[in-house]
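Student: Structure in structure tokens, see below.
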Amino acid sequence: MITLASLANTGEKIINQFGIDYPLFIAQCINFAIVALAIWFFAFRKILSTIKDREKQIADSLKNADKIKLELEETEKKQSETLQEASIEAKKTVSIAQEQAKTIIESQKEEARKQAEDIIAKAKASTELERQRVLKDARDEIASLVVLATSKVLHRELGEDEKSRFAEAAAREINLSSENNHGF
């Protein structure tokens, strides 16, 4: 109790020494409370509300940033997979193209070989026809020379029947000698 009395005594000394007037002090306390409440209701509440909204926005932004980061990682992973798939597809396409090119080259080689064989066969046939024609022309010419020579040797003009007989005989002789020479 002595302590309480000494505190009260110290409080009175301070009040007297500083010259505190109780009615003025209470009025100032009421004014302070009114000003504090006015600041609280009109300014500080709005400031606190704005701070809370900003904190919420920042938290949402951080959540969105994490979400975007995850989406970015997922997108990069998908992009990598897509690039790998595209690379595999490109390799398959190149392989198929190479196989098709080989097939086309082989078919073109085969076609060229067939064309070459056809050209050679046609050339042989053409050569054979030309040889046959030349031989026929030569036979006809020889037959006519035989008929002419015979008519000169006999010193008379041969009739159509005799001319055809001598021409046929000469043609048979030419055919026989031609077949023996060429192996026909």
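Derivation of every value follows stated rules applied to the coordinates shown; laboratory data play no part. Everything numeric here is computed off the predicted structure, so don't read it as measured data. Cβ placement follows ideal geometry from the backbone for every residue including glycine, while neighbour counts extend to all protein chains displayed.
Student: Once the other residues with Cβ under 11 Å from the Cβ of Lys92 are scored (Lys, Arg +1; Asp, Glu -1), what is the net sum?
Tutor: Details: positive: Lys91; negative: Glu85, Glu89, Glu99.
Spelling it out: positives minus negatives among the neighbours equals -2.
Student: Same structure, new question: Mean residue ellipticity at 222 nm from the helices of the chain, using -39,500 (n - 2.57) per DSSP H segment of n ≥ 4 over the full residue count, to the nearest 500 deg cm²/dmol? The partial results should precede the final answer.
Tutor: Numbers: 4 runs with 168 residues, N = 184.
-34000 deg cm²/dmol, from helical runs alone.
Student: Within a Cβ distance under 12 Å of Thr103, other residues only, what is the Lys/Arg minus Asp/Glu net charge? Present the calculation step by step, with values, prior to reporting the outcome.
Tutor: Working: positive: Lys102, Lys109; negative: Glu99, Glu106, Glu110.
Net charge around Thr103: -1.
Student: By how many nm would the segment from Val94 to Phe25 grow when fully extended, if each residue of separation counts as 0.36 nm and the alpha-carbon distance is taken off? Walk me through the numbers before you get to the answer.
Tutor: On the way: separation 69, 0.36 × 69 = 24.84 nm, distance 9.68 nm.
Taking Val94 through Phe25 to full extension adds about 15.2 nm, to one decimal.
Student: Could you give the length gained by full extension between Lys109 and Leu48, i.e. 0.36 nm per residue of separation minus their alpha carbon distance, to one decimal place?
Tutor: Details: separation 61, 0.36 × 61 = 21.96 nm, distance 8.86 nm.
That works out to 13.1 nm of additional length.
Student: Ok, one more. Can you name the helices of the chain, as whole DSSP H runs, whose Cα span along the helix axis is 20 Å or more and whose Kyte-Doolittle mean is not below 1.0? Write out the running numbers ahead of the final one.
Tutor: Working: long enough: 2-18 (24 Å, 0.41); 22-39 (25 Å, 1.96); 45-154 (156 Å, -0.73); 160-182 (32 Å, -1.38).
Correct list, ordered by number: 22-39.
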